[in-house]
Amino acid sequence: MKKVLLTFLLLIVAISLFSFDALFKKQIANILYDDYKLMTIHYFEEERTTSTNVIQELVDFSVDEGVNISRYHFINEHTLHIYSSNIQSDSHISLISGEWPYDNNYISNKSVIDQNQSGTIAFPISNLEVKYFDFHQLRNVGLGGSFYLSKSDNELLERARQAFSSFGEVRFEEVQTNPFLMVNVTLFLVVLFALVSYSIIIFYYMIQNRTQFYLHQLWGYTVFSSFLAFIRPVFKSILIIIVTGQALVITLTIYYNQTYYLIDIVVVSIIISLIMLLVTVVLLGISLFFIRQSGIDSVSLKGSPPFKNYQISSVILKAIFSMILLSITAFSFMKALDLNQKLANQTYWNETKNIYRIQVGPLNISGDLKKEKYLNDQFENLYQSLKINKDLFLIYAANFVKIYHKDIRGKYLFEYNSEGEEQFYLPRGRSIVINENYLKINPILAANQREILDQLNSNPMILNLLVPEKFKKYEQSIKQNYLKNFYFQKVRVNNIYNEELGAPLNTIDITDLDINIIYTSNSQSYFTFNSSLGDPKNKNKIVDPIAIIFNESVDSSFIGAYTTTSLYFYDDSQGNAYNNIIGYLKETRTLGYIPYVTSVYQENNAEIVRLTQQLLQQIVALSIMFILSCAFLIVFVWSYYMSNANQLYLKFLFGYSYWKTNKLLILSSICIYFISGILVFFWLHTEIVILSTLLLIGTDMILIYLYSRYLNRQHMGKILKGESL
C-alpha cells in the first residue's frame with residue numbers, strides 16, 4: 001500500500017508541474033498574442049517617416065478607435081519591453097497595483113524597487129520580465145515597422161490601413177502561437193516515467209492480493225463488490241492526498257500573488273485530481289480483469305501463479321525501451337561533446353562581445369519581383385552606407401552548416417552538394433563569401449607575402465578569389481566554374497528582374513568577365529561569427545576554404561540575401577548598437593525591415609543555454625528509459641522465476657550451475673540488446689551505440705544475478721513447505 005501511495009504522489013506531483021507549466025505558458029501567450037493582429041508598415045516616404053510623425057499618428061488612431069497598439073522589443077531571452085499607445089483599453093492587461101505608465105515610467109509583471117516603475121500587472125509565474133512603456137518612448141529605441149493591435153475586427157483593420165497608408169504599404173498578419181512550444185519535454189518525460197511506475201506498482205499490488213479476490217469469488221461476492229473491496233483502502237488514502245494537495249495549491253497561489261488566476265488554477269487542480277482518480281480506477285480495473293481472466297482454477301489458492309505470458313510482454317517492452325535507451329544515449333553523448341566543445345570555445349567567443357549582426361524582420365513579399373527588387377536595392381544602399389560608416393563586414397558560410405541526416409555526427413552542406421574533388425573547385429563546395437572589411441577583422445596572408453587588399457582588382461567585371469596554395473592544381477577548374485557562377489549572379493539573375501520590370505536586359509557576355517585568383521598560405525582559418533557554422537572543434541572556424549570577395553556589381557538580390565544572415569558590424573556602446581545605425585536605416589528606407597540587431601556573443605551564449613536544456617532533457621529521458629528497462633527486466637526475471645519456481649529449486653538441489661539455471665534469462669537479455677544495438681547502429685552510424693550496448697548488457701547481467709539470488713532466498717522456504725507463491 002505504501003508503494004502505491006508513494007507512486008501516486010509522484011504521479012500527481014509530476015502531472016501538476018507539467019499542467020501548471022503549460023497553463024502559465026498558455027496564459028502568457030494569451031496576454032501577449034491572443035486576438036492580436038500584427039500590422040507591418042513598409043515605409044516608402046522618407047519625409048513622412050520620422051519617429052514623431054508616425055508615433056503621434058499611431059497614438060491618435062489608438063485613442064480614437066479604443067484600441068491598443070504595441071511595439072514589442074525583446075532585449076534578451078528573458079526580458080521583453082513593450083511600448084503601448086493606449087494600454088488602458090487593452091483587455092489583455094490587468095493592473096493590480098499602482099498607476100498606468102506615463103512619461104518615463106513603466107509597469108511590469110515584476111515588482112522591484114525602482115522609482116520609474118509606476119505599477120504592477122497580473123501575470124503568470126514566469127522567468128520572463130515584461131515591462132510596458134509609454135508609446136512615445138519608442139524614440140529611444142527605434143520606431144520599427146511591426147506593431148501589434150489588440151483588436152482584430154476587419155472594419156478596424158481597414159481603417160488602420162487607410163490611416164497609415166501615407167507612411168508606406170500596410171499589411172496585416174494573424175498572430176499564431178505554436179502549442180507544442182508550451183510543452184515542457186522534461187516534465188512530460190517525468191510524467192511518463194511516473195505513470196509507468198504507478199502502473200507497475202498498481203499491478204504488483206493487485207497480484208500480491210489476488211488471493212483475496214479469489215476468496216471473494218468462492219464466497220459468492222460479485223466482481224463489482226470485490227473491486228470495491230480492493231479500491232476502498234486505496235481510495236481513502238488517495239482522497240486525503242488530493243484534499244491536502246488542493247489546500248497546498250491554494251496556499252501557493254496566494255503566496256506567489258497569483259490570486260488573479262485563482263479560479264483557473266483551482267479548476268486545473270480539480271481536473272488533475274479527477275484524472276488521477278480515473279487513472280487509478282482504470283489501472284485497478286485492468287489489473288483485476290487480467291487476474292479474473294487467469295481463472296481461479298489456474299491458481300487454486302496454492303501452486304504456481306498465473307500470467308506466464310508476462311514474460312513475453314516484458315521481453316517485447318524491454319526490447320522497445322532498449323532501442324529508445326540506446327538512441328537517447330547516443331544523442332546525449334554527442335550533445336554533451338558539442339556542449340563541452342562550445343564551453344571550451346567560450347574564451348575565444350569573448351572577443352565578439354561588441355560584434356552585432358543585422359537582423360531582418362518578416363518581409364512578406366515572396367513572389368512579387370517588383371517589391372523584391374525595390375527592397376534588394378534598399379538593402380544594397382544600406383550595405384554601402386554601413387560598410388563606409390560602420391566598417392560593416394560580410395561573411396557568408398552556408399556551405400559549412402552541419403546537416404544531420406542518417407549520420408548523428410552530421411555532414412557539411414558542401415559534402416552533400418559535391419562529390420570527391422569537386423568540393424575544391426565548385427562554388428557549392430568549400431567556398432565562403434567575404435568582403436574587404438572582413439579581411440581587416442580576420443587577416444589572411446597571401447602566398448607571395450604581399451598585402452591581399454593591395455592585390456584585389458576593383459574592376460566590376462572581375463571576381464576576386466582567395467585560394468589556398470594547395471589548390472593550385474585545380475586552377476583551371478576553379479576559374480571555369482566560378483566564372484560561370486559569376487555570370488549567373490551578375491547577368492542571368494539580373495535579367496530575371498529586368499524582364500519583370502520591363503527594363504533593358506543586361507547584355508554582358510561571359511567572355512567579358514574574368515577571375516582574379518590570389519593564392520594564400522595554407523592552413524589559414526576564417527572565423528564564421530556564427531556558432532552554427534564551421535568546425536566547433538576549431539572555435540567555429542573554417543580552414544582553407546576558397547574565399548569569394550563579394551563583387552558589388554552582381555544583382556542586388558544577393559546582398560539582399562546576405563543581409564538576412566551575414567552582415568556584421570562593431571559597436572562598443574554597450575546596448576545602443578541598434579540606435580547607432582537607425583540614422584542609416586532611415587536614410588536607406590530600411591528601418592521598417594530591420595527591427596533590431598543581434599549580439600553575436602549573446603547569441604552564442606543562448607546556443608549554450610539551449611544545448612544545456614536539451615542535454616538536461618536527454619539525461620532525464622535517459623534516466624527514465626534506463627529505469628524502465630531495468631523494471632521490465634525485473635518483471636521478466638520475476639515472472640520467469642514465479643512460473644518455474646519448483647523446477648529452478650530442483651536444479652539448485654541437484655547442483656546445476658548459475659549459467660544452466662538462468663541460461664534463458666541471460667540469453668534473452670543479450671539477444672534483446674544485440675538486436676536493438678544493431679538496429680540503432682545502422683540508423684545512427686556511431687560507435688557509441690556499440691559501447692552503450694556492451695555497458696547495458698553488463699548492467700543486465702549484474703541485475704539478473706542479484707535479483708535471481710534474492711528471489712531464491714525469498715521463496716525457497718515457501719517451496720519447501722509447499723505454499724503458494
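Every number in this text was worked out from the coordinates using simple rules, so none of it is lab data. What you see is a predicted model; the values in this text were computed from it and never measured. When we count neighbours, we look across all protein chains shown, and the Cβ atoms used for this are built from the backbone with ideal geometry, even at glycine.
So the values come out like this:
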item	result
Cβ-derived FRET efficiency at R0 56 Å, Ser225 paired with Ser152, nearest 0.05	0.45
Theoretical FRET efficiency, 1/(1+(r/R0)^6), r = Cβ-Cβ of Leu5 and Val267, R0 25 Å, to 0.05	0.50
16 Å Cα-Cα reach of Lys470 towards lysines, excluding residues that sit fewer than 8 places from it in its own chain	Lys479
Where labels lie 7 Å past Cα in the beta-carbon direction, separation of Asp514 and Leu278 in nm	7.9
Cα-centre dipole for region 362-594 with unit charges at Cβ (Lys and Arg positive, Asp and Glu negative), debye to 20	620
Stretchable slack from Ser523 to Asn646, in nm (0.36 nm times residue separation minus alpha-carbon distance)	37.1 nm
Difference of contour (0.36 nm per residue) and Cα-Cα distance, Ser458 to Leu679	73.9 nm
Proximal aspartates and glutamates relative to Lys110, as straight alpha-carbon distance under 14 Å, when same-chain residues fewer than 8 apart are discounted	Glu129
Amide N of region 153-170 lying under 12 Å from the label point, which is placed 7 angstrom from the Cα of Asp64 along Cα→Cβ	159-165
Entry for semi-axes √(5λ) of the Cα gyration tensor in Å (calculated from the structure that is shown) out of [x] 66, 45, 25; [y] 99, 41, 20; [z] 62, 40, 20	[z]
Stretch gain in nm, segment Glu469-Val185, where the contour uses 0.36 nm per residue and the Cα spacing is subtracted	97.3 nm
Label-point gap, in nm, between Asn506 and Leu248 - each point 7 angstrom along Cα→Cβ	6.9
Gln602-Ser94 pseudo-label distance in nm [points 7 Å out on the Cα-to-Cβ vector]	3.1
Helix-only CD estimate at 222 nm, as mean residue ellipticity for the chain, using -39500 (n - 2.57) per DSSP H run (n ≥ 4)	-17500 deg cm²/dmol
Share, in percent, of DSSP beta bridges within the chain that are antiparallel, nearest 5	70
Burial ranking of peptide ranges 509-520, 615-626 (average Cβ count within 10 Å, highest at the top)	615-626, 509-520
Relative packing of peptides 166-174, 15-23 - highest average C-beta neighbours within 10 Å first	15-23, 166-174
DSSP-assigned coil residues among chymotrypsin sites (Phe, Trp or Tyr not before Pro) in region 247-287, each with at most 12 further Cβ atoms within 10 Å	Tyr256
Which listed pairs, of Lys473/Lys537; Lys387/Lys490; Lys342/Lys440; Lys236/Lys318; Lys131/Lys373, have C-alpha distances above 32 Å, in listed order	Lys236/Lys318; Lys131/Lys373
